[in-house]
Amino acid sequence: MTNKVHVIGVGMVKFAKPGASDDYHVMAANAARTALKDAGVEYTDIDQVFAGYVYGDSTCGQRAVYELGLTGVPVVNVNNNCSTGSTALFAGRQAVLSGEAQCVLVVGFEQMEKGALASKFNDRPTPLDPQASLMNDVQGINAAPGAAQMFGGAGREYRWKYGTRRETFAKISEKARKHANNNPYAMFSDLLSVEEILASPEVFDPLTRYQCCPPTCGAAAAIICSAEFAKKRGLQGGVYIAAQAMRTDYPSTFNEQSMIKMVGYDMAKHCANAVYERAGLGPKDIQVIELHDCFTANELLTYEALGLCPEGEAEKFIWDGDNTYGGKWVTNPSGGLLSKGHPLGATGLAQCTELVWQLRGQAEKRQVAGAHTALQHNLGLGGACVVTLYRRD
């Protein structure tokens with residue numbers, strides 16, 4: 001039995017601001033149709049569906065794929081905060097590896113409201129109570145959006161620990177805009193300088209407005225299949241998932257009184273190390289990376305968690321240009337969450353889509369030359385991290 005799970009089709013819709021998009025089921029169905037066409041298969045070939053979204057009533061996944069047909073196919077709805085899309089991919093891959101399914105549709109979507117993320121159920125404890133309690137102990141709580149306080153607090157802790165300049169965080173956002181400028185699917189593609197980013201309103205030190213991902217509506221999808229299915233359809237030789245891992249929180253998330261650990265640093269590090277070990281590869285074998293840059297602070301931390309640079313050396317890594325074209329890796333060629341947008345349930349599958357395009361040589365102006373191995377990192381507080389390594393031999 002092979003561990004290869006082939007990614008034979010991908011698709012997404014252009015991301016949009018809340019109120020400017022189609023309804024969730026229309027976006028999701030359009031992304032799925034694009035992925036099916038890209039794969040050269042029909043919806044009747046699909047054995048199982050995994051549908052990811054965070055905000056919405058139960059069985060939104062069924063409502064979305066019923067637009068494609070009524071085949072009786074099992075539909076599993078997935079909600080795992082900002083890592084929802086990759087969690088759905090993780091579950092779909094397991095279904096293929098188990099032999100229960102030969103061809104799977106994974107679709108993620110989100111129809112969001114304007115403004116910062118907020119809990120919809122105020123009559124019960126929030127799952128982020130432990131994180132909020134730690135944050136209160138470490139730095140207190142103010143009126144800024146909760147996620148910005150958490151990731152901003154992690155960035156501030158890093159600054160105090162290593163003397164990192166505010167300009168370094170803004171430099172990440174400048175890169176995101178440059179990359180998004182070549183992405184027709186990105187929401188914000190206009191260029192911004194470090195000075196303009198720093199001059200935007202402060203949200204939570206060291207984060208300014210242009211260092212925070214926006215609420216976004218969108219959808220993306222992938223068709224994955226077994227090696228046997230790919231061979232029968234003449235689809236072998238394309239992109240496949242070489243390794244994948246998912247991790248949740250460790251004791252260090254809450255026991256070390258660290259905002260860096262609280263926002264998932266150890267989850268990401270353990271997850272990435274598991275993927276490297278399973279694939280028999282390391283960071284030096286990778287050319288292109290899509291990582292979870294919900295805030296510039298998290299992108300900086302993730303460089304170190306993924307082993308792209310030693311702990312404490314992210315500032316040098318950034319200013320040396322090792323995170324962009326001409327450097328050691330190209331991170332977030334799509335523009336990332338900061339510029340492409342962050343429709344929670346769709347994000348992981350949009351990352352997947354971008355990386356498949358990169359490995360096929362279909363990324364147009366943002367193509368990373370010679371890309372044959374790609375890494376994806378998708379993080380959600382509460383918590384879950386999924387890291388996936390893709391290859392094309």
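The values are calculated or read from the model by the stated rules, or taken from the named source; none is laboratory data. Here the structure is a predicted model, which is why all the values come from computation and not from measurement. Cβ: placed from backbone, ideal geometry, glycine included. Neighbour counts: every protein chain shown. Heads up: the accessible areas ignore ligands, DNA and RNA and are worked out on the full protein's heavy atoms, side chains in. Shrake-Rupley method; radii C 1.70, N 1.55, O 1.52, S 1.80 Å.
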**Request:** Would you compute the Debye intensity of the stretch 230-320 from its alpha-carbon atoms alone, equal scatterers and no solvent, and pass along log10 I(q)/I(0) at q = 0.10, 0.20, 0.26 Å⁻¹ to two decimals?
**Result:** -0.33, -1.04, -1.43
**Request:** Using DSSP, restrict attention to beta bridges with both residues in the chain and report what percent are antiparallel, rounded to the nearest 5.
**Result:** 70 percent
**Prompt:** Between the stretch 41-76 and the stretch 223-252, what's the alpha-carbon centroid distance in Å?
**Reply:** 20 Å
**Item:** Largest to smallest principal axis extent of the C-alpha atoms in the stretch 200-283, angstrom
**Value:** 54, 33, 21
**Message:** Please compare each pair in Lys14/Lys316; Lys178/Lys316; Lys175/Lys261; Lys17/Lys175 to a cut-off of 23 Å on the Cα-Cα distance and tell me which ones are over it.
**Reply:** Lys14/Lys316; Lys175/Lys261
**Fill in**
Checked the stretch 332-393 against the a/c 1.5 cut and the a/b vs b/c comparison, axes a ≥ b ≥ c from its Cα gyration tensor; verdict oblate
**Message:** What are the ³J(HN,Hα) couplings of the stretch 42-59, residue after residue, when phi is run through the Karplus curve with 6.51, -1.76, 1.60 and θ = phi - 60°? Round to Hz, x for glycine and proline.
**Reply:** 9, 4, 5, 7, 7, 8, 8, 10, 10, 10, x, 7, 10, 9, x, 6, 4, 6
**Request:** Compute the Cα gyration tensor for the stretch 37-95, then decide on rounded, prolate or oblate, letting a ≥ b ≥ c be the square roots of its eigenvalues: rounded whenever a/c is under 1.5, prolate when a/b is larger than b/c in the other cases, and oblate in all that remain.
**Result:** oblate
**Asked** What net charge is computed for the residues neighbouring Ala279, neighbours being all others with C-beta under 15 Å from the C-beta of Ala279, Lys and Arg scored +1, Asp and Glu -1?
**Response** +3
**Message:** Under the rule a/c < 1.5 gives rounded, and otherwise a/b versus b/c splits prolate from oblate, where does the stretch 105-223 land using the Cα gyration tensor?
**Reply:** oblate
**Given charges at Cβ of Lys, Arg, Asp, Glu: the stretch 113-174 dipole, positive-most of Trp160, Asn142, Thr126** = Trp160
**Prompt:** Which entry in (1) 1.05; (2) 0.98; (3) 0.95 is this structure's computed Rg/Rh (Cα atoms, Kirkwood Rh)?
**Reply:** (3)
**Interchain or long-range residues, amide H under 5 Å from Gly52's placed H** = Val78, Val107, Gly108, Phe109
**Prompt:** Leaving out same-chain residues fewer than 8 places away, which lysines sit with a Cα under 17 Å from that of Lys231?
**Reply:** Lys4
**Request:** Mark the label point 7 Å from the Cα of Ala274 along Cα→Cβ and return the residues of the stretch 299-330 whose backbone N is within less than 12 Å of it.
**Result:** none
**Request:** Using only Cα atoms, find the angle between the long axis of helix 265-279 and the longest principal axis of the chain, and express it within 0 to 90 degrees, rounded to the nearest 10.
**Result:** 40 degrees
**Request:** Report the full-extension gain for the segment Ala199 to Tyr325: residue separation times 0.36 nm, less the Cα-Cα distance, to one decimal in nm.
**Result:** 42.8 nm
**Fill in**
So, with points 7 Å from each Cα along the Cβ direction, the Lys120-Thr44 label distance in nm works out to 3.5 nm
**Spatially proximal aspartates and glutamates relative to Lys120 (Cα-Cα < 16 Å; intrachain offsets below 8 disregarded)** = Asp57, Glu110, Asp129
**Message:** For a quick check: with amide H placed at 1.01 Å from N, whose amide H comes under 5 Å from Gly9's, ignoring anything fewer than 5 positions away on the same chain?
**Reply:** Ile223
**Complete:** Residue-ordered couplings for the stretch 83-88, obtained by feeding phi - 60° into the Karplus form 6.51 cos²θ - 1.76 cosθ + 1.60 and rounding to whole Hz (Gly and Pro as x), are 9, 4, x, 6, 5, 5
**Message:** Output the 0 to 90 degree angle, nearest 10, between the alpha-carbon long axis of helix 129-139 and the longest principal axis computed from the alpha carbons of the chain.
**Reply:** 30 degrees
**Request:** Report, to the nearest whole %, how much of the accessible area of the stretch 142-282 belongs to carbon and sulfur atoms, 1.4 Å probe, protein only.
**Result:** 49 percent
**Fill in**
For Val26 the rounded accessible area (nearest 10 Å², probe 1.4 Å, non-protein molecules ignored) is 50 Å²
**Asked** Between Lys365 and Arg33, how many nm apart are label points set 7 Å from Cα along the C-beta direction?
**Response** 2.7 nm
**Request:** Please give the direction-averaged projected area of the C-alpha convex hull for the stretch 240-393, in square nanometres with one decimal.
**Result:** 8.6 nm²
**Prompt:** What ³J(HN,Hα) values, in whole Hz, does the Karplus curve 6.51 cos²θ - 1.76 cosθ + 1.60 give for the stretch 310-325 when θ = phi - 60°, with x put for Gly and Pro?
**Reply:** x, 4, x, 10, 5, 4, 4, 4, 5, 6, 7, x, 7, 10, 8, 4
**Complete:** Residues whose modelled amide H sits under 5 Å from the amide H of Asp249, counting only those 5 or more places away in sequence or on another chain, are Gly383
**Complete:** Checking Tyr24, Tyr240, Tyr43 against a Gaussian network model of the chain (alpha-carbon springs below 10 Å), the top fluctuating residue turns out to be Tyr43
**Asked** Charges only on Cβ, +1 for Lys and Arg, -1 for Asp and Glu: so what's the dipole of the stretch 58-180 about the Cα centre, in debye to the nearest 20?
**Response** 660 debye
**Helix axis angle, 296-305 relative to the chain longest principal axis, alpha carbon, degrees** = 70 degrees
**Fill in**
Plugging the Cβ-Cβ distance of Gln94 and Tyr66 into 1/(1 + (r/R0)^6) at R0 = 22 Å yields, to the nearest 0.05, a FRET efficiency of 0.35
